[in-house]
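Down below is the structure, laid out as C-alpha cells.
The values are calculated or read from the model by the stated rules, or taken from the named source; none is laboratory data. In this text, all values refer to a predicted model and were calculated from it rather than measured experimentally. As a convention, Cβ positions derive from the backbone with ideal geometry for all residues, glycine included, and neighbour counts pool all protein chains shown.
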Amino acid sequence: MSRFRFTTAGESHGPGLTTIVEGLPAGLELDREGLDRDMARRQLGHGRGGRMKIEKDAVDVRSGVRHRHTLGSPIALLVANRDYENWVERMGPWESGEGVAQVHLPRPGHADLPGLQKYGFDDARNVLERASARETAARVAAGAIARQFLEAVGVTIRSHVTRISGVQAPAPHDLQPADFEGVDDDPVRCLDADTSAAMVEEINRLRKENESLGGTFEVRAWGLVPGLGSHVSWGEKLDGRIAQAIVSIQSVKGVSIGPAWDVASSPGSEAHDEIFHSDERGYYRETNRAGGLEGGMTNGEPLIVHAAIKPISTLTKPLRSVNVHTKEPEQAHKERTDSTVVPAAGVVGEAMLAIVLADAYREKFGGDHIDDVRAAIAAYEQRIDWRR
Ligand code: EPS
C-alpha cells in the first residue's frame, strides 16, 4: 500500500492510547530520540494543567520496526496513560461501574451534549473521554513517524504560536527552519521574546479570573516538491486535505493557507505571486501570498498554514448549562483542565501536516523501499528541472 494511513484509539483516562500507522516504505531509518522529542514537545507550554505533571508520554513500538528500520508492515504504537491507575474503577473495561459518579452537566463548547444525544448515553463521560485532546498524543506519535519519513526526502516542518488571546505576535516574514531554534524553550513557543512575555502575563492574568484562552499558531514546511496534491478533483486538492486535518484537531475552529484574510481584502494585483525564471534558480517567486499552494498543489514555495483555536471549554468558573437528567438549569461540569493549549496545539499541527504531506508523497511517488521513493523523487525533480 502506498498511502500513509493512521488510526488512533484510546480514552483520556483509560489504560492508554494506541496508534496504527500504515503505508510507509521499508528501510526507513527511525530515530527513537526524535520520536520521544516530539512526544515531549506536545506536553510543553505555559498554561497546561495538572495532567502534564502526571504523564511522561513515551511511545512503545509494538510492530513494523526492526533494528531501527521500518519493515513496510503496520506500525503499532502504544502510549500508556499513567493517570489510569487513579481511574481504574471509573474507566476500567471490566469494572461494574456501580457507584461511579456520572457527568450530567454538558460543557458548552465540548462534545458533551451532541455526543450524549447522538449515542444515547446518560453519562457524558462516555463522550468526553474520547473527545479529549489527550488523543493528540496518539496523533503526535503518528506524526513523528511521518516527520521522519519527510526528513528522509528533504522536507522540514516547524511551528510557532502567533497569538494567545488578545496578544498578537508581529507578522514573521521569510522564516527559515533555523529561525525556530530554541522555540521549544520558550514558555509559549513564540518566536518573539517581548510578545512571549506579554502572552505569559495574559495567561496568568486570565487564569486568575478563572478564564481559559485561545489563540493562533502557524505551521510551515520547507523542501516540498511542486505538484503534491492535484487540481483535478476536489478530494485530491492538497489545501482541502490540509484544512480537514488541521480543523480535526480538538478545539481548532479555523484554518487558512498563507495570509488568506489579508489576501481577501487585497486587489488582485497584490494578491498573487508573480512568476520569474533564472538559469540558477529555475522558476521562483518573490512573494508567497499563496502559502505554497496553487490549484490544490504545492508550488515549490514554503507551505504556510495558520490555525485558530478556541479557548478550552472546561472552565473553572463554569458557564450555564442544563442537567440532562432533570432538565433544570445548572452550571456546566467542571474538572481539572488547562488554561491554554495553544503552544501544544502547534506541535499537534506539525504532526497533522506531516501526516498529510507524507501521504501526498506516498501517493505521488509510491515505492516499497525508501530508496525507491528517493529515486522516484529525483527522477521527477529532474523532469521538471526543480532545484532546492
Ligand atoms: C490532555 C489531557 C487532559 C487535558 C487536556 C489535554 O488531561 P485531563 O483531562 O486528565 O486533565 O489536560 O484535555 C483537554 C483539553 C480536553 O478538553 O479534554 C493531553 O494529554 O493533552
Next item on the list: Output the residue which, of all residues in the range 195-214 that are at negative phi and not in a helix (DSSP H, G or I), is surrounded by the fewest Cβ atoms within 10 Å (Cβ to Cβ).
Entry: GLU209
Item checked: Unique match (being without any contact (Cβ under 8 Å) to a residue 60 or more places away in the chain, within 22 Å of GLY45 (Cβ to Cβ) and among the acidic types (Asp, Glu)) among GLU201, GLU218, GLU211, GLU151 -> GLU201
Checklist line | strands (runs of 3 or more DSSP E) wholly inside the range 251-329 that include at least 3 residues being among the β-branched types (Val, Ile, Thr) | finding: 252-257, 303-309
Item checked: Yes/no for TRP234 being closer than 19 Å to PHE149 by Cβ, surrounded by fewer than 19 Cβ atoms within 10 Å (Cβ to Cβ), among the hydrophobic types (A, V, I, L, M, F, W, C) and modelled with pLDDT of 95 or more -> no
Checklist line | Identity of the residue in the range 291-321, among the β-branched types (Val, Ile, Thr) and closer than 23 Å to LYS253 by Cβ, that ends up surrounded by the fewest Cβ atoms within 10 Å (Cβ to Cβ) | finding: THR316
Check: Looking at this structure, is THR136 crowded, with 19+ Cβ neighbours inside 10 Å, within 14 Å of the ligand (Cβ to nearest atom), closer than 23 Å to THR19 by Cα and in contact (Cβ under 8 Å) with a residue 24 or more places away in the chain?
Finding: yes
Next item on the list: Could you please find all residues in the range 27-48 being surrounded by fewer than 17 Cβ atoms within 10 Å (Cβ to Cβ) and either of a type outside the set (D, E, K, R) or on the phi > 0 side of the Ramachandran plot (or both)?
Entry: GLY34, ALA40
Notebook entry, point to check: Does the range 59-77 contain at least one residue that is under 13 Å from GLU11 (Cβ atoms) and not aromatic (Phe, Trp, Tyr)?
Noted result: no
Next item on the list: Examine the range 59-80 for a residue that is surrounded by 13 or more Cβ atoms within 10 Å (Cβ to Cβ), more than 25 Å from the chain's Cα centre (by Cα), assigned to a loop (DSSP other than H, G, I, E, B) and more than 15 Å from the ligand (Cβ to nearest atom), and state whether such a residue exists.
Entry: yes
Checklist line | Pairs with Cβ under 8 Å, 6+ apart, first in the range 98-117 and on the phi > 0 side of the Ramachandran plot, second small (Gly, Ala, Ser) | finding: GLY109/SER313
Checklist line | Boolean, ARG220 is under 20 Å from the mean Cα position of the chain (by Cα) and of a type outside the set (Gly, Ala, Ser) | finding: yes
Next item on the list: From (1) closer than 27 Å to ARG336 by Cβ; (2) crowded, with 20+ Cβ neighbours inside 10 Å; (3) touching a strand residue (DSSP E or B) at 6+ places or on another chain (Cβ under 9 Å), pick out the condition that doesn't hold for LEU113.
Entry: (2)
